[in-house]
Amino acid sequence: MNLRTTLATLAAGGALLLTAACGSSTTAPDSSDGGGATSPSTPSTSAAATSQGSVTIATQNFPEAAMVAEMYKELLANAGYSPTVKAVGTRDAYMASFPGSVDVVPEYVGGIVNFLNSAANGAKAKPFNAGNGETLAKQGASLLKKKGITLLDVSAATDANAFFVTKAYASAHHLTDLSSLKGQTVTLAGAPDCEGRLDCAGGLETKYGIKVTKVLPLGYASDQTFKSVLSGESQLGETSTTDGTLTSQGLVLLPDDKHIQPAQNLVPAVSTSFLKAHPDVAGVLDPLMKALTTQELTKLNSEVSVDREEPSDVAHQFLTQQGLLK
C-alpha cells in the first residue's frame, strides 16, 4: 500500500505503495515474524558470521510484506545480526520511529516517496507518479535525505495498489477497467487511510469520476475486505497487482487505465545512520532485490495466501533456492 501506501496482499498481497502501500494504526507487538505468529523456522546463521548487534525491521502486516520481512530477517541473521521484526497495520505506524528505533523496512518506492512528500507538503501535495522505480527514487531523493533514509537497490519486482470486484459484478456492469465505473456509486473496502488519497478513494473520485459514498476501513487485501466484496456489502475492494488469490475467490482486478498508481518497486529502506555504521547491510539485502521478479513475487504470495504456507517457510525456501544463504 499511502501511495501504495499503502503498498500490497497478495494475497495476496498486497502492496507499496505503497501505497504499496496506508494510514493510522496501532503498532502490533514485536514478533519473530512479519505476521505476529511464532516463526516455525529458525534462520540458519553462518558459522563464519560474527555478532553484528541488533537490528529492528518494521513491516506492514499484510502477507507479502510479512514474507519479505522474513527474507530480510533470515539474511541479516545469516550475516551475524540479531534481528527483530515489528509488524504494524500501516506505514505511518512505523514511520514515526523510522529512522530511530526502526533500522530497516521492506518498502515500495512510490509508497515511501509519496508518504514523505505528503508529510512535508501536505495531504494534497501533487504526488510523484513516475512509472519507473529508479526515476521515482531520484525524484524523492531530497525528501529521503532530509528524513535520514537511504534506499538500497530497487528491485525489478513491483506491486502496485489495485482494485477488484466480483466477476459477477464485472459482468453485470460490463466492466473492463476502472474507467468503466465512471458515474457509478460504490462502497469501497480498503486500507484505513484510503479515504482522500490520490492513489485510493481520492483518485477514484477525481480521476475516474467514481462516486465513492463510503470507505470501509477493513484493511489492505485483508480477509475482511475480500468478504465484504463477496457478500455485496462493498462493490470495490483494495488489494495489490500481485494478489494470487483473486481467481480462486471469483474476483477480478480492474486495470488502472488512468495510472493513478506510481511505480511500486520493492526496495530496502534503511536508516542512513544505521547504514553508515553497518555498511555491509547493503551487500546483504541488495542480492535479494536482484533475485526477485514480479512473476516470482506473485508465485510466492500465492504460496502464502492460497496454499497457506508460513511466510517464514516460503522465505527460507526462496533464499535457499537462490543461493542467498551462505
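The values are calculated or read from the model by the stated rules, or taken from the named source; none is laboratory data. The model shown is predicted, which means the values in this text are computed figures rather than measured ones. Here the Cβ positions follow ideal geometry from the backbone for every residue, glycine too, while neighbour counts run over all protein chains shown.
When each of Ser305, Ser273, Ser248, Ser312 is tested for being over 21 Å from Asn78 (Cβ atoms), buried (at least 18 other Cβ atoms within 10 Å of the Cβ) and out of contact with any strand residue (DSSP E or B) (no Cβ under 8 Å at 6 or more places or on another chain), the lone residue that passes is Ser305. Could we say that Gly196 is under 21 Å from the mean Cα position of the chain (by Cα), surrounded by fewer than 24 Cβ atoms within 10 Å (Cβ to Cβ), part of a helix (DSSP H, G or I) and not assigned by TED's automatic domain parsing to the domain that holds Thr294 here? For Gly196, the condition - under 21 Å from the mean Cα position of the chain (by Cα), surrounded by fewer than 24 Cβ atoms within 10 Å (Cβ to Cβ), part of a helix (DSSP H, G or I) and not assigned by TED's automatic domain parsing to the domain that holds Thr294 - is not met. Of all residues in region 148-177, exactly one satisfies the criterion of being assigned to a strand (DSSP E or B), under 15 Å from the mean Cα position of the chain (by Cα) and β-branched (Val, Ile, Thr), namely Thr158. Would you call Ser231 modelled with pLDDT of 95 or more, small (Gly, Ala, Ser) and touching a Pro at 6+ places or on another chain (Cβ under 7 Å)? No.
Checking the stated criteria, Thr225 turns out not to satisfy the condition of being part of a loop (DSSP other than H, G, I, E, B) and crowded, with 24+ Cβ neighbours inside 10 Å. Listed by first and then second residue, the pairs with beta-carbon distance under 6 Å, at least 6 apart or on different chains, first residue in region 70-85 and modelled with pLDDT under 95, second not aromatic (Phe, Trp, Tyr), form an empty list.
Looking at Pro43, Pro63, just one residue is modelled with pLDDT under 95 and in contact with a strand residue (DSSP E or B) (Cβ under 9 Å, 6 or more places away or on another chain), and that residue is Pro43.
So in region 73-97, with the set limited to residues that are of a type outside the set (Ser, Thr, Tyr) and more than 30 Å from Gly323 (Cβ to Cβ), which one is nearest to the chain's Cα centre (by Cα)? First the steps, then the outcome.
Applying the first criterion (of a type outside the set (Ser, Thr, Tyr)) to region 73-97 yields 73-80, 83, 85-89, 91-93, 95-96.
Now drop any that are not more than 30 Å from Gly323 (Cβ to Cβ), which leaves 88-89, 91-93, 95-96.
Details: Val88: 12, Gly89: 11, Arg91: 9, Asp92: 13, Ala93: 14, Met95: 14, Ala96: 17 Å.
Applying the filter and picking the extreme gives Arg91.
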